[in-house]
């Protein structure tokens, strides 16, 4: 049995305001069909994100808020490369509840959650072989961690969708930032990036743990260009970018608030 759900497309006309608020905005309503076993929990049930830190570990990690079922073992990321591209892969949710987010990582904004056992269709991945968040076909496509799904196939065979095809939703309420500097320490290869601060109103936080900046970096580690989405509330961050990769390192800074993202501000990569 299929149930009707309504997705809201924001449309707002600001008349008298000097500061932003989280007051609901006029909307257009589109009626769509979604799977009946899809769960839409309240905002208070949103998994918490990690606390911002000033210096990021040199090893890319993910904070997974989902809890696996008792019989589940989080699977390692596939190591195969050079696979033929497929259009999609079938998968099944193995966590009791699996967050689906607007971007490929645990720090991006939350959309909704799948219940355990839900069948899903995977349609894309990130442009990096280290990162195992995958794009799910949905009225609003969203991203889940491959650690908590059972996939019929290899996720490296999915088409690359991010960052060029799948896009983050853009907020109309905040301006993008601007990168002020990107400096490298010559002996440690530590890169520090700073940018113009864009204050986000407390009413525009998704929850108390939301980070207001997402820094997406494609950096070199052990001869491989890896994707590492970092998050902070500070207007600077540090990470290690090693030499030895064929493809150039690059990155960008997003401002994040509960309605979407402002940016990106491209990082001028230091030599």
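The values are calculated or read from the model by the stated rules, or taken from the named source; none is laboratory data. Since we're looking at a predicted model, the values are computed, not measured. Methodologically, a virtual Cβ is constructed for each residue, glycine included, from the backbone with ideal geometry; neighbour enumeration extends over all protein chains shown.
Tell me yes or no: at least one residue of the stretch 199-210 is at pLDDT 95 or above and under 19 Å from residue 128 (Cβ atoms). Among the residues of the stretch 199-210, not one is at pLDDT 95 or above and under 19 Å from residue 128 (Cβ atoms), which makes the answer no.
Looking at the stretch 226-251, which of the residues that are over 18 Å from the mean Cα position of the chain (by Cα) and in a strand (DSSP E or B) is farthest from residue 202 (Cα to Cα)? So, considering only residues that are over 18 Å from the mean Cα position of the chain (by Cα) and in a strand (DSSP E or B), the one farthest from residue 202 (Cα to Cα) is 240. Here residue 119 meets the list (1) surrounded by fewer than 18 Cβ atoms within 10 Å (Cβ to Cβ); (2) within 22 Å of residue 218 (Cα to Cα); (3) in contact with a strand residue (DSSP E or B) (Cβ under 7 Å, 6 or more places away or on another chain) almost entirely, failing just condition (2).
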